[in-house]
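Here the structure is laid out as structure tokens; the discussion comes afterwards.
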Amino acid sequence: MSKTYNFDETIERKGTGDVKHEQLMEFFGREDLLPLWVADMDFATPDFIREALLHRLQHPILGYSVTPKDYWDVIAQWIKEHHGWQTKTEWMAFIPGIVKGIGMVANVFCNPGDKVIIQPPVYHPFRITPEGNGCQIVWNPLKESPDGTYSMDFQNLEEVYDSRCKVLILANPHNPIGICWDRETLQRLASFCAEHQLIVVSDEIHCDLALYGNHHIPFASVSEQAAQWSITFGAPSKTFNMAGVVSSYCIVPNKRIRQRFFSWLAANEFDYPHMFSTIATMAAFKHGEEWRNQLLRYLEGNVDYVMDFCAKSLPQIIPHRPQASFLVWLDCRRLGLTHEGLTDLFVNHARLALNDGAMFGPGGEGFMRLNIASPRSILMEAMQRLKNACESRLSIG
């Protein structure tokens, strides 16, 4: 008999050193905010993961450890069963975080002044990390249609590309909009990148959080061109709420790219997983399917709540229904506020901490990113706060 998990449980996180509470003053200037910004969940990390870690901690020595022999097989099996991509374990290596992995790619495959293409509005470390490693950023903004959907702009991609472009970073599924890119789009992107010898770094950390019957398609799986020009990043951390246990990995099918990247990782010992990463990852992928399925249904309920609430009580804010992830892209442009006015409304009047859209680059202005991975009661409070703030601050009734 399957276990029923309680996602309505409210868990106090203050005092645990969590980023979303401890850094409110630093990022928002006040601490009395409901934090719905950092992309982790307020649900209990699954019991089977915590029990696996506790079991290891019963042994009194936390010394050097080897990677379990079936570690990569477990990851490969999960990817095959859930996404239909047949990988090989020799294609895989541990990396100490996906943002760190982006920096490592910039170090290995780019020289100072080389260019990295990103597709805004997109996860801000896609810009910050390459820039911090001496690269220039090239914008290839997504196209927004009148119906609110987004697509890749391949005409613009042709225009902005030049021979200094070495890497394109792909959010697949997309963060913050939550797009599960379709096969045709990914194949077209692969064709372009193969033609121009661009390495695609595909961040697929939200791949196991597809909602409403949508399906994630691994970039490297769509064609031989995609496989030969890709570095895929993944991790169980978003899906199983264990971001504090660094558990990322990369998958590189092309032998030449793999040898160059993996040898650099090995030389700096970045490819050496710590014991807790392997224990937590294997517990998640061996025992996590029922928990994941229940989580997805709960997240869909939270998305539906936000969609319905805005439609009935806040029509000036239009949520974009995500195809994947627990992040909702809120279109607030109908409020008619400047960037400063919008952040002031959310922070100082609604007392909510969200990521403002401008941080995600061109096309993000007038948007806010809402993390809905909280108990429904918390989400209800947040939306009521926002409604009250709009009514009192903007005389919207």
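No value in this document is a laboratory result; all are computed from the given coordinates. No experiment lies behind these values; they were computed from the predicted model shown. Cβ coordinates were reconstructed from backbone atoms using ideal geometry, including for glycine residues, and neighbour counts include every protein chain displayed.
The trypsin sites (Lys or Arg not before Pro) of segment 79-185 that meet both conditions, a loop assignment by DSSP and at most 12 other Cβ atoms within 10 Å of the site Cβ, are 88. Structure remark: mean-square fluctuation, Gaussian network model of the chain, C-alpha springs under 10 Å; the largest value among 237, 374, 223 belongs to 223. Segment 335-397 and segment 1-27 have Cα centres spaced 20 Å apart. For segment 17-103, state which GluC sites (Glu not before Pro) are in a DSSP loop and have at most 14 other beta carbons lying within 10 Å of their beta carbon. Of the GluC sites (Glu not before Pro), the ones in loops of segment 17-103 whose Cβ has at most 14 other Cβ atoms within 10 Å are 31. From the residues 169, 202, 102, which one has its Cα farthest along the dipole of segment 62-287 in the positive direction, the dipole being from +1 and -1 charges on Cβ of Lys/Arg and Asp/Glu about the Cα centre? Of the options given, the answer is 102.
A simple spin-label model places the labels of residue 334 and residue 64 6.2 nm from each other, with each point 7 Å out along Cα-to-Cβ.
Non-local lysine pairs in segment 62-287, meaning eight or more places apart or on different chains, with alpha-carbon distances under 24 Å, amount to 22. Between residue 22 and residue 107, the simple label model (points 7 Å from Cα in the Cβ direction) yields a spacing of 2.4 nm.
Extension gain, residue 391-residue 182: 0.36 nm per intervening residue step, less the Cα-Cα distance, totals 71.3 nm.
Computed over the chain, the per-residue total of -39500 (n - 2.57) for DSSP H runs of n ≥ 4 gives a 222 nm mean residue ellipticity of -11500 deg cm²/dmol, rounded to 500. Please state the shape class of segment 116-263: rounded when a/c is under 1.5, otherwise prolate if a/b exceeds b/c and oblate if not, all from the C-alpha gyration tensor. Taking the square roots of the gyration eigenvalues as a ≥ b ≥ c, segment 116-263 is rounded.
Each of 85, 186, 123 was placed along the dipole of the chain (beta-carbon charges, centred on the mean Cα), and the one lying farthest toward the positive end is 85. Using alpha carbons only, how many angstrom separate the centre of segment 44-61 from the centre of segment 70-94? Answer, in whole Å: 24.
Contact order for the chain, expressed relative to its length and based on alpha carbon pairs under 8 Å spaced 6+ residues apart, stands at 22 percent. With θ taken as phi - 60° and the Karplus curve 6.51 cos²θ - 1.76 cosθ + 1.60 applied, the whole-hertz 3J(HN,Hα) list for segment 303-312 is 4, 4, 4, 5, 4, 5, 4, 5, 4, 8 Hz, x standing for glycine and proline.
Between segment 243-293 and segment 204-237, what is the separation of their alpha carbon centroids in Å? Using only Cα atoms, the two centres lie 15 Å from each other. Taking 0.36 nm per residue of separation and subtracting the current Cα-Cα distance, fully stretching the chain between residue 54 and residue 81 would add 6.9 nm. Evaluate E = 1/(1 + (r/R0)^6) for residue 158 and residue 321, where r is the Cβ-Cβ distance and R0 equals 45 Å; express this FRET efficiency to the nearest 0.05. So the FRET efficiency works out to roughly 0.90.
Among beta bridges from DSSP that stay inside segment 158-257, the antiparallel ones total about 25%.
Rounded, prolate or oblate: which fits segment 1-136, taking a ≥ b ≥ c as square roots of the Cα gyration tensor eigenvalues, rounded meaning a/c under 1.5, else prolate when a/b beats b/c? Oblate shape, in that a/c is at least 1.5 and b/c is the bigger or equal ratio. Around the Cα centre of segment 62-287, unit charges on the Cβ atoms of Lys, Arg, Asp and Glu (plus for the first two, minus for the last two) sum to a dipole of about 520 debye. Extension gain, residue 312 to residue 13, is 104.5 nm, computed as 0.36 nm per intervening residue step minus the present C-alpha separation.
Does segment 37-108 classify as rounded, prolate or oblate by the C-alpha gyration tensor (a ≥ b ≥ c root eigenvalues; a/c under 1.5 gives rounded; else a/b over b/c gives prolate, otherwise oblate)? Rounded, because the longest to shortest axis ratio a/c is under 1.5. Each label point was placed 7 Å from the Cα along the Cα-to-Cβ direction; for residue 73 and residue 263 their separation is 3.0 nm.
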